[in-house]
Structure formats: structure tokens, C-alpha cells
Amino acid sequence: MGDNRVPRDPQLPTHWFNILHDRPQYVTSAVSRSRLAGEAKVAGQGALLQQPLALARQSVNTADRFIPIPEEILDLYALYRPTPLRRAARLEERLGANARIYYKYEGANLTGSHKLNTALAQAYYYSRADVKHLVTGTAAGQWGTALAYACQVINLRCTVFMVRSTLRQKPIRGDMMRLFGAVVHESPSDLTEVGRQVLKDNPEATGTQAVANGEALELVVDDSDARFAVGSGENSVLLHQTVIGQEAISQLAELGEFPDCVIASMGAGSNFGGIALPFLGAADESGRSLRLVAVESAACPKLTRGRYMYDLSDALGTSPVTKVYSLGSTYVPPPVYAGGLRHHSAGPLASAMHADGTLEPMDVDQLTSFRAGLLFCESEGILPAPEAAHAVAGMLDIVSRHPRQESPIVVLVNISGHGLLDLGAYSRFAAGQIEPVHADETSLSQSLSALEAFNQSITESVQAT
Ligand SMILES: Cc1ncc(COP(=O)(O)O)c(C=O)c1O
């Protein structure tokens, strides 16, 4: 890779920040299904767990506060990092806000979102472990695109199962992944048992992240050269994303600032963790107070309405069972445009942060989010991805509630991706065709009941072992 090096900016972090060192209580262990009485070990679970040692260790490492980023990954990060941090001065003026609003912009990288930070890292570790093929599920397509590019640049095959509703909303996402050499399947598909079962129950099924992941896992089981790459939620993925927050800390420090509040959208927690965790470490160190706000979709309100219970992350039922805030893996959220916020659960780390009150959850409906996204674009010239528009809406809410008589609140919002492939959705918003979609109550109550029953059975099984 020597000849391809681009000069590294001094602000490019050389290490990932590991919050598990400061807060070891956040290492929430996965309960392997094979440990549960009466359940055979399922092949897919083995496939998911067969991560390269370096990656697996990163999820449980409490010894090192900083973990060095391998040189090869740094060379790739240098192609697009550090990403810009800007003050949204025109937006402040337009709002007449008693606030200084900063944003970190992850959308200008090669594939358009923060997802590349972990895609490159995972592709690197898997290729070093001699894996030839990465398979994944993607909802909005940002993760799939990032992995497709990472696999191309690191020379791995890539297969992506993309949630049907989002692939149909923006087929161009599929085109982009294919340009980077990936094989893309609409999920549910008839290629897998999981997909066929879903289609049998409902041929018009819109798909979910859990089904897409289940299909990806099933494919991996039959291919010994393949592994499942995970787009969010796992501790190691959040770790890779901490380049975002570390850069933001030094970029803000140059301006003499430290935020009162950091805001990001919540899919399973990677862009939130990426920006929030380094600030949490810095605030813990200095004793500063800091609000960390995670904004979820009102259509998939796992933090505000979910249960903190053991759950699966895929519909095949072979992923390890982790304790998370969840709506249950059978919940089917309405097909909102922020496909990346449709995951039924937050990851274990974000969930633990919610359980101990470190994370402040907020839910936003999609009409409010598009309004906020367009306002941001009109003022700042950047069109946020629908997921990031939720974070903007959360930020606007926080700023609007800040009392006039107090000194200005300093907020930092993560614009996790651009919305240029979501122009169709923004146009529909501009034409008055977007509804404020909320949770599907029928699916929600069925799924929560199933989740509670599952937890009951787990408790009984674990007690019996
Ligand atoms: C642009 C963007 N932002 C946010 C998210 C939410 O995911 P996470 O919580 O992993 O950051 C996604 C997920 O696809 C995304 O594409």
C-alpha cells in the first residue's frame, strides 16, 4: 500500500478510544444460545462468533483506553479523514437561537456515511484472517455501500441482503454497491430458508434488518470462506467509530469549545457511540457535565418504548442473545425513509448507557425529521441523510427549549451521512406527501409479548443449567 499513501492530517486519530476501559461495566456479555438447556448449537451462531481474534477482543477489552489503529487502516482513513466540523452559524441566525450549534459531517467520505469507518476496519481484519467473502444485511444501504467499497479496496468478495422497502425506495443504492463489485439481493429473498419463510407468511413483506441479517447469516453457514460482517451495535463497531468523536474533541478545542450536549441518531448505536463515547471519556475525566442524546425513529422506538431484555439481532435466531433495549426481533416497523433507524433493538453498549441514565433518548417522527433536514440544508448547504435528519430534529428541539436568560447552550450534532440518494423522499416531503409515521401498535404488542415469553424461557433454561 506504500505507493498509495496520502499525507496524514495531524488531526487523524492514530488510536480508537475504548470506553470499556473507563466503564468496564458496559461489557455486557452475550448469552450463547447453545448454553441454554434444550437448544442445540446452531451453525449460524458459530459463523457469527468466528470473528478474527482482534475484532472479538475489541468488544471485551477493558485493559486499554486507546487501541492503536493498524497502519493499513490509517492509510485508508487518510483518504477522507478528518471529516469537517463546522459551526451552523446561518442556522443559529435563522432560529434566533440562544445556542452555538456545531456539526460533524460524516457524509463527505467515499461512500457517504460514517459506516465506512468500521467497514474498512472489519474488511482489514477479516482479510488478515484469510476470509475471502463478507456477507451482510443492510437497511438504508449506507452500510452495504460502505462494506462493498471496503471489500473492493481490500480485495474480498461481498454479498449484501438489502431490506426490500429501502431497496425499492432507492434502487440506486443497489447500483452503487454493484459498482463496487458486491452482489446485492433484495430481502426477503427466496435464496434462503429465512427469506422463503417470511415470503410464505407474507409475499408483500417489506423486510426488516433482522430478516436481512438472518439471510446473510444463513448464507455464511454454507460457505466456509465467508463471514458475517456487522454494521452496528457490537462494541467493536462502536469502537471503530470513535475516530469521529476524537476528531471533534480536538476540532472544538481549537475553537475553545466543549459541548453541553452531543446529539446523534440511533439505529443500533454506532454513529451515536462514535461521536459520544470520546466526549463521555473526556467529561468523566474533567468532571464536566454533558448530555448525550440519542434520537430514534418514532416508527421504531426501542429506547423510549422497548424493554431491557435478552434478545436476538437476527430473524434466523442464531445470533448470540444479548441484553438490549428491544421491541423484539419480530417487530416490523412501518417502512419509513430512515431505513437505518428501523433496527428493532439498540446495541448492548448503547443499551447499557440508557439503563444507567448516561444516554438520553428522544423519538422523532419522520415528518418532523424531514422538516429539520431541509431547514438544515437551506441554512448550511448540506442535505442530511434521513437518519441524520432525526438528529437535527432532536437538536432543534433541545435548542428551542434552552432558556433565553441562560448563557448559550453549546450543542454538537452528528450528521452521519448525506441525503443525496434520498432526494426523492425530500421531494415527497416538499410536496406535502410525507406523514408523521409512528410505531405499528399491533406488531409492537405482539412482538413485545413474544420477547417477554422468550425471556421467560431463557430464565428457566439458564436456571436449569
Ligand atoms: C446515515 C446513517 N446514519 C445513522 C444510521 C443509524 O445506524 P447507527 O446507529 O449504527 O449509526 C444509519 C444506518 O444505516 C445510517 O445509514
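Here is how the numbers come out for the structure above:
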| read-out | value |
| --- | --- |
| Nearest-20 debye value, the chain charge dipole, Cβ charges on Lys, Arg, Asp, Glu | 280 debye |
| The chain, relative contact order [Cα under 8 Å, separation at least 6], % | 19 percent |
| For the range 226-294, Kirkwood radius (reciprocal of mean inverse C-alpha pair distance, Å) | 12.5 Å |
| Highest-first arrangement of 286-295, 116-125, where packing means the average Cβ count within 10 Å | 116-125, 286-295 |
| Net +/- balance of residues flanking residue 371 in space, Cβ distance below 14 Å, scoring K and R +1, D and E -1 | -2 |
| Hz values of 3J(HN,Hα) by residue in the range 173-181 - Karplus curve (6.51, -1.76, 1.60), Gly and Pro given as x | 4, x, 4, 5, 5, 5, 4, 7, x |
| Cα-centre dipole for the range 356-465 with unit charges at Cβ (Lys and Arg positive, Asp and Glu negative), debye to 20 | 360 debye |
| Fraction of the pair-distance distribution of the range 63-193 above 22 Å, Cα-Cα pairs, percent | 48 percent |
| Peptides ranked, highest mean first, by Cβ atoms within 10 Å: ranges 153-159, 265-271, 106-112, 234-240 | 265-271, 234-240, 106-112, 153-159 |
| From phi via Karplus (6.51, -1.76, 1.60), per-residue ³J(HN,Hα) for the range 146-156 in Hz, x at Gly/Pro | 4, 5, 4, 5, 4, 5, 5, 6, 9, 6, 10 |
| Exceeding the 31 Å Cα-Cα cut-off - candidates 115/200; 104/132; 132/302; 170/200 | 115/200; 104/132; 132/302 |
| Apportionment of accessible area to carbon and sulfur, the chain, percent (1.4 Å) | 50 percent |
| Volume per residue that the Cα convex hull of the range 119-177 spans, once the total is divided by residue count, Å³ | 58 Å³ |
| Accessible area of residue 115 in the full protein assembly, 1.4 Å probe (Å², nearest 10) | 30 Å² |
| Loop-located trypsin sites (Lys or Arg not before Pro) in the range 377-465 whose Cβ has at most 10 other Cβ within 10 Å (DSSP) | 404 |
| Calculated P(r) tail over 39 Å for the chain, as whole % of Cα pairs | 14 percent |
| Segments 161-171, 208-218 sorted - mean Cβ within 10 Å per residue, highest first | 208-218, 161-171 |
| Environment charge of residue 279, counting only residues whose C-beta is closer than 13 Å and scoring Lys/Arg +1, Asp/Glu -1 | -3 |
| Cβ-defined net charge surrounding residue 326, 14 Å radius [Lys, Arg +1; Asp, Glu -1] | +1 |
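The values are calculated or read from the model by the stated rules, or taken from the named source; none is laboratory data. Predicted, not measured: the structure shown is a model, and the values here were computed from it. All Cβ positions, glycine included, derive from the backbone under ideal geometry; neighbour counts span all protein chains shown. Calculation scope for accessible area: heavy atoms of the full protein, side chains included, ligands and nucleic acids excluded. Shrake-Rupley method; radii C 1.70, N 1.55, O 1.52, S 1.80 Å.
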